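> Questions regarding the structure given below will be posed in turn.
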Amino acid sequence: AELLSDAEIQEKVKSLEGWTVEGKELHTTRQFKDFVEAIAFVNKIVEPAEAAGHHPDLAISYNKVTISLTTHDAGGLTANDFEMAQTLSQLSA
């Protein structure tokens, strides 16, 4: 996968509500009613991540799930990260 330029990254992140770029990663945090709902959401991430062969880093803190995307092999952000962010943005609680 080919790294995106800073300009491409800034353009793509504009179309993703609730996502930010920090360094070489794309991040979002989703908040839920409780821990059970947060874990249910995490479980919904498994199938699309496996299908794409692109696995986000996840941090769970009670009712909050932080998703971080980067393409480790490429050393930064690629189109794959933004495609996965788009897919994950469509998942409901």
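> Which of the residues belonging to region 1-43 are open to solvent by 80 Å² or more (accessible area, probe 1.4 Å), part of a helix (DSSP H, G or I) and either among the acidic types (D, E) or farther than 20 Å from A74 by Cβ (or both)?
Matches in region 1-43: D6, E8, E11, F35, V36, N43.
> Name, by its number, the condition in (1) among the aliphatic types (A, V, I, L, M); (2) touching a residue at least 24 places away in the same chain (Cβ under 8 Å); (3) part of a strand (DSSP E or B) that does not hold for A59.
(2)
> Something else about it: Looking only at residues in region 78-91 that are among the polar types (S, T, N, Q) and in contact (Cβ under 8 Å) with a residue 24 or more places away in the chain, which one is nearest to E2 (Cα to Cα)?
Filtering region 78-91 for residues that are among the polar types (S, T, N, Q) and in contact (Cβ under 8 Å) with a residue 24 or more places away in the chain, the one nearest to E2 (Cα to Cα) comes out as T78.
> Filter region 69-92 for residues that are surrounded by fewer than 12 Cβ atoms within 10 Å (Cβ to Cβ) and under 19 Å from G18 (Cβ atoms); which is modelled with the lowest pLDDT? Working first, answer last.
The initial filter retains those residues of region 69-92 that are surrounded by fewer than 12 Cβ atoms within 10 Å (Cβ to Cβ), namely 72-73, 75, 90, 92.
After this cut, where a residue has to be under 19 Å from G18 (Cβ atoms) as well, the list is 90, 92.
Numbers: Q90: 93, S92: 78.
The extreme case among them is S92.
> If you don't mind, there's one more thing I want to ask. Restricting to region 44-68, name every residue that is open to solvent by 50 Å² or more (accessible area, probe 1.4 Å), over 23 Å from E8 (Cα atoms) and of a type outside the set (A, V, I, L, M).
Matches in region 44-68: K44, E47, E50, S61, Y62, K64.
The values are calculated or read from the model by the stated rules, or taken from the named source; none is laboratory data. Source: prediction; values computed, not measured. Positions of Cβ are backbone-derived with ideal geometry, glycine not excepted, and every protein chain shown enters the neighbour counts. When the accessible area is computed, the model is the full protein with side chains, heavy atoms only, and any ligands, DNA or RNA have been set aside. Shrake-Rupley method; radii C 1.70, N 1.55, O 1.52, S 1.80 Å.
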